[in-house]
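Beneath this line is the structure, given in structure tokens, with notes to follow.
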Amino acid sequence: METLKTWSYDPNFHVRRLVSEETRPRLPWAKRMNALGGDPLRNLDLLEPLLNDGLGYVRRSVANHVNDLTKDYKRVTITWIADKLCRGWEHGPSVVRHALRSQVKSGDPDALAIIKEL
């Protein structure tokens, strides 16, 4: 975990993106795994520094990771997203729209309310 946290700030964008991709619970080409240690907040803690990454390539990976988490840990993840939006991060709207796409498609009222606020 400490190594992953350090990599979140690495100058190489491929290393920063690796933090998000390596810990995704639902990679399309890999076996499904649980959240780190069974706690989605551990995943989200790793992703937080990447929310405002300067590259869309990294932010898109973060959004995909968060979307994965909404499928298994919906309440925790949506609460986390709402909290981050209140802090006004720069790239919030685009990341959130992509991160909540599955929940919006399924008509989740909490996800729809967040999207309306953007």
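The values are calculated or read from the model by the stated rules, or taken from the named source; none is laboratory data. Nothing here was measured: the structure is a model prediction, and the numbers come from that model. When we count neighbours, we look across all protein chains shown, and the Cβ atoms used for this are built from the backbone with ideal geometry, even at glycine. Only protein heavy atoms, including side chains, enter the accessible area calculation; ligands, DNA and RNA are left aside. Shrake-Rupley method; radii C 1.70, N 1.55, O 1.52, S 1.80 Å.
Descriptive notes on the structure:
- Residue ID - surrounded by the most Cβ atoms within 10 Å (Cβ to Cβ), chosen from residues in segment 1-16 that are at pLDDT 95 or above and assigned to a loop (DSSP other than H, G, I, E, B): S8
- Residue match in segment 17-31 (condition: without any contact (Cβ under 8 Å) to a residue 12 or more places away in the chain and buried (at least 17 other Cβ atoms within 10 Å of the Cβ)): yes
- Segment 94-111: number of residues that are under 13 Å from the mean Cα position of the chain (by Cα) and either at positive phi or open to solvent by 40 Å² or more (accessible area, probe 1.4 Å) (or both): 3
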